[in-house]
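The structure appears right after this line, and notes come after that.
Here, each number is a calculation from the coordinates, and none is a lab measurement. The shown structure was predicted, so the numbers you read here are calculated from the model rather than taken from an experiment. Every residue, glycine among them, receives a Cβ derived from its backbone with ideal geometry; neighbour counts consider all protein chains shown.
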Amino acid sequence: MRRKAVYCNRLLVSSVKRRLGKPVQPTNAESDAHNYQRLIKYLPEPIFVHDGNEILFTNQAGLKLLNITEAEIAENERGFDFLHPDFRERSVARIQAVMLTDEPNEFLECKLIAKGGEIIDVEVSSTRIRNYPGRGTVIQTVFRDIRDRKKEEEALIQSEKLSVAGQMAAGIAHEIRNPLTSLIGFSKFLKTKIDQYHEYFDIMLVELDRINSIVQEFMALAKPQANQFKQHDLVKIIQNVLTLLETQAILRNVEIRLHADADSAELLCDENQLKQVFVNVLKNAIEAMPNAGLITINMKLRQSGGLWVEIVDEGVGIPLDQLPKLGGPFFTTKDSGTGLGLMICYRIIEGHHGKMDISSVPGKGTTVTIFLPKNG
Ligand code: ADP
Ligand code: MG
């Protein structure tokens, strides 16, 4: 293998030398190989020329795709090592078939293994090349890097799943409300008829009320609505969101404290959209603290009437190099994440002519700061 690659390089070197020196005519084979390699060297698609399992030449895009150098290609004994084992058998069959025709075969999805072990989703198509200098008939294989497309497809499937799950949950919430109404009504009725156990009735009524408000919040959030800008109290909006997330927080031993420097803060806004922002940001904060912790929400009124809300967690934090990626679609570090939450938050806050900033110290925690002007 090494010998073959060196042979190709030597062809290149000798033809370059000849050009620089006195005009010495290269042999036809040398100049053909040189011209061919020059032709494909800087093409944007990764291209490999190979004789069965043995790689003869790789262009720059190919080296980059596999994260290797020309020397490493030459050292590698078997080119198929770069193919994911699941695809080797099929690739051999496809190459055998393409040797019999001048037509390229159809692009087919497959996986490569780059140096370092990264698995790369690609599409691949091969064509035979006849009379390759010093070789005879060889194969030219072109790859298309489809990693981004794959990621987007997966995230779309995931978000579709979530929206279906959301719709179903909203339907279930609706179903819960009807029996709940009877339960609340009859508990109140019985309390007036029975002279003892009032403390139990009271507990039942408080708990039923809690279920009712969670269900109501949930339904309001799940229902798609057009922009509805009205005066709303931001303190109340945040309190309602806390009702919704309380259970999740308790399950993870997370405490959420709200410090507002006013009892109420009226604002022209879309209530449901802002709830969605706080649900997303608080859920991220809860998810960043797998082993308990404290989330502090600080709300400050500005003289202009605008509001600052700061959500501070004590979670894992965000590495510096990831900060610029936040809010980009599909950026997630979670196994079951969608990477859409923050993107939606940024959009909603922009729609309110506000601002959202995220700062973080890895290992210490993250602070999300949201500014909302008074009049949307
Ligand atoms: P998702 O929650 O589905 O991953 P988001 O858009 O809500 O999508 O968040 C994107 C990524 O930003 C998360 O996967 C996580 O890596 C990071 N992130 C967001 N908020 C926090 C936080 N409070 N603490 C640590 N990382 C966070
Ligand atoms: Mg999220």
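Below are the figures for this structure:
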quantity	calculated
Distant alpha-carbon pairs in region 146-223 (separation over 18 angstrom), percent	59
Gln248 paired with Asp51, simple spin-label distance in nm, labels 7 Å along Cα-to-beta-carbon	6.1
Mean Cβ neighbour count within 10 Å, used as a protection proxy, ranking 65-73, 279-287 highest first	279-287, 65-73
Orientation-averaged projected area, Cα convex hull of region 27-145 (nm²)	7.0
The chain: angle of helix 341-351 to the longest principal axis, Cα-based, in degrees nearest 10	70
Sites Glu72 and Lys150, calculated FRET efficiency, Cβ-Cβ separation with R0 30 Å, nearest 0.05	0.70
Exposure proxy ranking, count of Cβ atoms within 10 Å, fewest first, for Cys345, Cys269	Cys345, Cys269
Packing-based order for 331-337, 44-50, using average beta carbon neighbours within 10 Å, highest first	44-50, 331-337
Fully extended contour minus Cα-Cα distance, from His353 to Gln228, at 0.36 nm per residue	43.5 nm
In degrees, nearest ten, helix 2-20 long axis to first principal axis of the chain (Cα)	70
Region 227-376: antiparallel DSSP beta bridges as a percent of all, rounded to 5	75
Geometric extent, Cα atoms of region 127-281 - Rg, Dmax (angstrom)	27.3, 104
Debye intensity ratio in log₁₀ form over the Cα atoms of region 102-157, taken at each q of 0.13 Å⁻¹	-0.46
Relative contact order %, the chain, counting alpha carbon pairs below 8 Å whose residues are six or more apart	10
Region 251-332: radius of gyration over Cα atoms, expressed as a fraction of 2.2 N^0.38 Å	1.24
Normalised convex hull volume, the chain, alpha-carbon set, Å³ per residue	224
Nearest 10 degrees, 0 to 90: helix 28-41 Cα axis against the chain principal axis	10
FRET efficiency, Ile129 to Leu323 (Cβ-Cβ, R0 45 Å, nearest 0.05)	0.40
